[in-house]
Amino acid sequence: MSRYEPRVIEGKWQRIWADEGTWEVPNPGDGGFESDKPKSYVLEMLPYPSGEPHVGHLKVYSVGDAIAHFRRRNGFEVIHPMGYDSFGLPAENNAIKTGEPPRVATERSIEAFREQFTEWGISIDWTRELATHTPEYYRWTQWIFLQLFSRGLAYRAEAPVQWCPNDATVLANEQVIDGRCERCGTEVETRSLEQWFFRTTEYADRLLADFAKLDSWPDHVITMQENWIGRSEGAEVVFRCEAAGIDFPVFTTRPDTLFGATFFVLAPEHPALAELVAGTEAEQAVDEYVGQVARATVEERGDEGRPKTGVPLGRTVTNPVNGEEIPMFVADYVLMDYGTGAVMAVPAHDERDFAFAGTFGLPVRRVIESVTDQAGADRDEPGAAGELPYTGDGPMVNSGRFDGLDNREAYDRIVAWLDEEGRGESSVNYRLRDWLVSRQRYWGAPIPIVYCEKCGMVPVPDDQLPVELPEVDDYAPRGKSPLEAAGDWVNTACPDCGGDARRETDTMDTFVDSSWYFLRYLDPHNDAAAFSREAADHWMPVDQYIGGVEHAILHLLYARFFAKALADLGHLGVTEPFANLFTQGMITRDGAKMSKSKGNTVSPAEYVGRHGADAARTYVCFMGPPERGGDWTDEGVEGVHRFLARLWRVTDEIAGPEGEEPEPFETPVAGDLEGPAREVVAKAHWAIEKATGDFNRDFQFNTVIAAVMELVNEIYRVKDDLLDDYTGRRALRFATATATSLIQPFAPHLAAEAYERLTGDRVWETPWPEADPAMLRSDSVTIVVQVNGKVRDRIEVDEGAEKDEILAAARSAGNVARHLEGSEIVKEILVPGKLVNLVAKPS
RNA sequence: GCGGCGGUGGCGGAACUGGUAUACGCGAUGGAUUCAAAAUCCAUUGCCCGCGAGGGCAUGUGGGUUCGAUUCCCACCCGCCGCACCA
C-alpha cells in the first residue's frame with residue numbers, strides 16, 4: 001500500500017500538464033481550434049506582484065480554477081489566462097528606500113508568483129501570460145490613451161485635485177478615503193494643477209443603464225457603483241446678481257421649493273467670488289474665510305455634524321420665480337465640484353440650509369404643507385407636527401399661482417415655466433467626475449504626448465510607440481515626476497515639425513493598465529495591434545470574472561468605461577466586459593484581517609509544502625460559501641488533508657496494486673445491484689446530483705465538497721462487505737471513481753492520479769458525470785409522522801404506496817398511536833415521500 | 001442618518017419551492033489497533049429531565065400567519081460592510 005504523498009503526485013501531474021500544454025487554447029484561425037465547442041472565458045483579477053502570493057490569492061485562483069475545470073468538463077472551450085499588474089507604487093516606494101530599480105524587484109516578485117501558481121497546479125494557459133510593465137504591453141496602453149485622445153475622451157485641464165503630500169502625487173477621487181490617501185493614510189490636500197483626465201462622465205448614463213445586462217453581478221456591487229455615479233434629476237435655474245452683472249446657475253433637485261429660497265450660497269472656491277466682493281466691505285472677511293477653508297483638510301471639511309460656518313457677501317441675487325432679492329453668502333458646506341458650486345437655500349425644506357439659517361438668523365419660509373393632518377399621513381415623518389425642516393411631500397403654499405398643487409405636480413409645472421422663460425431647464429447631475437489619470441511618479445506607463453514650442457500638444461505617432469520608460473537614478477518624488485530628471489529622454493524632437501520639444505513626464509494611473517488586460521490575453525503576442533478584433537469577438541465578454549469586493553468601484557467601473565469607449569472606437573463588439581461577476585470574501589485569522597504588523601499572516605507556500613496544494617485549495621473552498629469570508633485554522637486544513645488521504649487510501653485499496661492494468665471500468669446498472677452495492681452506487685449518484693446542483697447554484701463549493709465527503713464515508717461503511725466479489729468491487733470502484741471525479745475541480749492532482757488508477761482514464765478529459773435518475777429513487781421511503789406538528793415516529797413505506805395506505809400505517813405506528821389515545825383526528829396532511837401530520841384534539 | 005449583508009451546537013457552517021433543524025468538517029469523549037505513541041478505523045457528541053422507553057426546550061428578541069416557520073409578515077436588538085453637507 002502506498003502512502004498519500006501530495007508533493008510527489010502534484011509534481012508528476014504538473015509536469016505532464018506543462019509538457020503537453022494541457023490548458024492551452026488556440027484562437028480562431030490557429031491550428032487545433034475547435035469551432036464547435038462553446039467558449040467560456042474564466043478570469044480572476046490579475047495580481048499585483050509584490051513579495052509572494054498570500055491566502056487571498058490562493059482563494060481567488062482556487063475558486064476560479066474550480067470553475068474553469070468544471071466548465072471544461074461540461075464541454076466548454078475554456079480560456080483561463082494569467083498575468084501581472086506590475087506597475088505601481090509599492091515597488092516604487094521600495095525603490096526610493098533601497099535604490100533597487102522597481103523593475104528588478106517587480107520581476108523577482110513575478111518569478112515568485114509564477115512559481116507558486118505552478119505549484120498550486122492552477123490550470124493556466126501560460127502562453128498568454130503578460131505583465132503590464134513590459135514595453136510590449138504598455139505600448140498598447142499608450143495606444144489606447146491616444147485613441148481616447150483622438151476622440152476627445154482624454155484631455156488635459158487645470159483642476160482642483162487631491163494631492164497626497166506623502167506620495168507626492170495626485171490621486172483620483174476614488175483613491176481618497178475619508179479625506180486620506182487610500183494607500184498611505186496621509187491627509188489629502190487640495191491643489192489646483194494641470195492634469196490629464198479621461199472623460200468618464202460622458203459615459204455616466206450608459207454605465208448606469210448597462211447594469212441591466214449584468215444580472216448575475218452581486219447587488220451590493222451594483223449599488224456601490226450606482227452610489228458612486230450618483231445620478232440625480234433636477235433643474236438648473238439661473239439666479240442673477242444685477243449689481244455685479246453676473247448670472248449664477250444652480251442645480252437643484254427641488255425646483256418645487258423655489259419660492260422658499262431665502263438666501264443663496266457660493267462655495268469658497270467659486271470663481272466669481274473674488275469679483276463679487278472686490279473693493280467692498282465684505283472683501284476682507286471673505287478672504288479670511290476662504291483662506292481658512294483652504295487650509296482645512298478634506299476630512300475636516302467633510303464632517304457633516306460640524307456647525308455651519310460662512311460669511312455674508314453684502315450682495316443679493318434675484319429669485320427668478322418671484323423676483324425677490326435674497327442675500328448671498330459664502331459657506332464651506334457648498335462644494336465646488338458638485339453641481340455649479342452655488343446653491344439656492346431653502347431652509348424650510350432642507351436640513352443643511354435650515355441649520356445655516358439658524359446660525360445666521362435668516363428667514364425660513366414654508367412652501368410645502370406637511371400632510372400630517374390628512375388621512376393616512378405618517379406621523380413619524382420629520383416635520384409631522386408641522387415643524388421644519390420638512391422634506392416630504394404635500395400641497396404647495398406661499399408659491400403664487402402654484403399654491404394648492406401637489407408639490408410633485410408643481411415640480412413639473414415650475415420647470416416647464418422656467419424653460420419657457422429661459423431662466424432654467426430640467427437637468428441631470430452626477431457625482432461621478434472625470435477620471436484623473438496622470439501621476440507624478442516614475443513606475444507607470446509614460447503618457448505619450450510631446451509639447452512642442454510651435455505645435456503645442458502633439459500625440460506621439462503610433463509607429464513611434466512605445467514611449468519607453470527611461471532609466472533614472474533617483475525615484476524620490478519631488479512634487480513633479482522623477483522622469484523630469486531624464487534630460488535626454490525629456491528633450492525630444494516634435495513629431496510634427498521636428499523642432500525642439502519636451503515629453504510629458506507624468507505617467508498613467510495603474511488602473512489604466514488593468515482596464516484592458518483581459519483583452520490583451522486574447523491576443524498577447526500581436527505586435528501590430530493591441531488585440532485582434534476577431535479574437536475579441538470570439539472570446540469576449542468574460543463569462544465569469546472572480547475577484548475581491550475591494551475593486552467593486554474603481555477597477556470594475558474603469559474597465560466598464562474602457563469597454564464602452566473601445567466599442568465606440570470600433571475596436572470591440574461588446575460594451576460590458578464582464579458578463580458575470582463573483583466576489584469572494586476575505587479570509588481572516590483569529591477573526592482579524594491578516595497583516596504583517598499583527599503577525600497573523602498565513603503563507604500559502606508553507607501549507608502547500610506541508611499538506612499539498614490539493615489540500616490547501618480544497619480547504620479554502622470548503623471553509624464556507626466562497627462569497628463570504630472565513631477564518632483560517634490549521635485544524636481545518638488538516639481536516640481536509642485527512643479527507644484527501646482517506647480518499648487516497650480507499651482508492652489504493654480498491655484499485656489494486658500500483659502499475660497493474662485496472663480491470664475494465666463499467667458503470668453499474670441499477671437492475672444488477674442489491675444491498676450495500678446498490679446503496680453505495682446510489683450514494684454516488686446522489687453525490688453527482690448534489691455536487692452538480694450546488695456548483696451551478698452560485699458556486700456553493702463547501703457543500704459540493706461535503707457531498708463528496710459523505711460519499712467517501714459511505715464507501716468506507718460498505719467496503720469490507722463488498723471487496724470480496726466482482727459485483728461489489730465494481731460498485732466500489734464506480735463510487736470511488738465518482739468521488740475522485742467530483743473532487744477534481746478542487747484537488748486536480750489527487751483526482752488525476754486516483755482516477756487513472758481506478759479507470760485508466762484522464763479525469764480532466766472525462767466529461768462531468770451525470771446522475772442516473774433510476775438510481776436516485778429507492779424502492780421504499782421513510783416518512784416522518786407528526787402529531788400536531790411534532791415528530792413522533794417514522795414509517796417505511798413502498799415508493800408507490802397509496803395515500804390511504806400511508807395514512808393508515810402512520811396512525812398505527814407505535815408511538816403515534818400512544819399520542820393519539822383519547823384524541824380525535826381532525827385533519828390529516830400528507831406531503832408525498834416526506835411526512836404525515838395528524839392534527840388531533842381531545843375527544 | 002441612508003443602503004446592503006448577516007445573527008443556527010463548544011467552533012466553521014448545512015437545511016434548494018413553508019415539511020425530519022443542526023448535513024459536512026473541526027474540537028471533545030470512549031473503544032479497537034500498538035510494548036507505547038503518532039497515524040488509522042469504529043462509536044458517541046445541541047441543551048435539560050429520565051435507568052430506559054420516552055418527554056420537554058432550542059435557529060438574536062417579541063408578536064403574527066399556518067396543520068406545520070431557520071424559511072413568510074410586523075416591530076425591535078446586535079454585528080459587519082458600503083455611502084454620508086452631493087443641493
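The values are calculated or read from the model by the stated rules, or taken from the named source; none is laboratory data. Not measured: the values here are computed from a predicted model. In this analysis, Cβ positions are derived from the backbone assuming ideal geometry, glycine residues included, and neighbour counts consider all displayed protein chains. Surface areas here come from the heavy atoms of the whole protein model, side chains and all, with no ligands, DNA or RNA. Shrake-Rupley method; radii C 1.70, N 1.55, O 1.52, S 1.80 Å.
Remarks
- Of all aspartates and glutamates in the structure, the ones whose alpha carbon falls short of 12 Å from that of A:Lys564, not counting any fewer than 8 places away in one chain, are A:Glu202, A:Asp205, A:Asp210, A:Glu576.
- Volume of the Cα convex hull of segment A:509-562, divided per residue and given in Å³: 92
- Cα shape, segment A:213-334, gyration tensor, a/c 1.5 rule: oblate
- In terms of the mean number of neighbouring beta-carbon atoms within 10 Å, the peptides A:40-46, A:197-203 order highest first as A:40-46, A:197-203.
- Amide H partners (placed H, <5 Å) of A:Ile177, local residues excluded: A:Glu182
- Using only side-chain charges placed at the Cβ, +1 for Lys and Arg and -1 for Asp and Glu, the dipole size of segment A:37-129 relative to its Cα centre rounds to 440 debye.
- Summed over the residues of segment A:216-278 and divided among them, the accessible surface reaches 36 Å² per residue at a probe radius of 1.4 Å.
- Amide H contacts of A:Gln786 (H built 1.01 Å from N, in plane; Pro and chain starts excluded): A:Arg792, A:Val836, A:Asn837, A:Leu838 sit under 5 Å, all sequence-distant by 5 or more or on other chains.
- Rounded to whole numbers, the Karplus 3J(HN,Hα) couplings from phi for segment A:570-587 are x, 9, 9, x, 10, 10, 10, x, 10, 5, 10, 10, 10, 9, 8, x, 8, 8 Hz, using 6.51 cos²θ - 1.76 cosθ + 1.60 with θ = phi - 60°, and x at Gly and Pro.
- Here the 3J(HN,Hα) profile of segment A:463-478, calculated from phi with Karplus coefficients 6.51, -1.76 and 1.60 at θ = phi - 60°, is 6, 9, 7, x, 7, 6, 5, x, 6, 9, 9, 10, 9, 5, x, 10 Hz, Gly and Pro shown as x.
- Tilt relative to chain A, helix A:219-229 - C-alpha long axis, 0 to 90 degrees, to 10: 10
- A:Ala131 long-range amide H proximity, modeled H, under 5 Å: A:Tyr84
- Angle between chain A longest axis and helix A:102-120 axis [Cα atoms, degrees, rounded to 10]: 30
- Residue ranges A:811-822, A:556-567 sort as A:556-567, A:811-822 when ordered by packing (mean number of other C-beta atoms within 10 Å per residue, highest first).
- Cross-link check: pairs A:Lys480/A:Lys593; A:Lys59/A:Lys596; A:Lys719/A:Lys834; A:Lys790/A:Lys834; A:Lys97/A:Lys598 evaluated at a Cα-Cα cut-off of 25 Å; pairs beyond the cut-off: A:Lys480/A:Lys593; A:Lys719/A:Lys834.
- What a 1.4 Å probe finds exposed on chain A is 47% carbon and sulfur by accessible area, rounded to a whole percent.
- Peptides A:730-743, A:88-101 ranked from most to least packed, by the mean per-residue count of other Cβ atoms within 10 Å: A:730-743, A:88-101.
- Positive-end residue, chain A charge dipole about Cα centroid, Cβ charges, pick of A:Pro448, A:Pro249, A:Ala285: A:Ala285
- Cleavage-rule hits, GluC sites (Glu not before Pro), segment A:605-703, DSSP coil, Cβ neighbours within 10 Å at most 16: A:Glu627, A:Glu658, A:Glu660, A:Glu666, A:Glu674
- Axis of helix A:135-150 versus longest Cα principal axis of chain A: the two differ by about 50°, to the nearest ten degrees.
- Using the Cβ of A:Val797 as centre and a radius below 12 Å, the other residues enclosed give a net charge of -4, where K and R count +1 and D and E count -1.
- Quick note on chain A: its Rg to Rh ratio, both from C-alpha atoms and Rh being the Kirkwood radius, is 1.07.
- On a per residue basis, segment A:702-829 carries 46 Å² of accessible surface, using protein heavy atoms and a 1.4 Å probe.
- Solvent accessible area, Å² - A:Glu504, 1.4 Å probe, full protein context: 10
- Segment A:790-801 - phi-based ³J(HN,Hα) in whole Hz, Karplus 6.51/-1.76/1.60, Gly and Pro as x: 10, 5, 10, 6, 10, 10, 9, 10, 5, 3, x, 4
- Here A:Lys841 is the anchor, and the aspartates and glutamates within straight C-alpha reach of less than 14 Å, apart from those fewer than 8 places off in the same chain, are A:Glu821, A:Glu824, A:Glu828.
- Accessible area of segment A:22-173 divided out per residue, in Å², using a probe of 1.4 angstrom: 33
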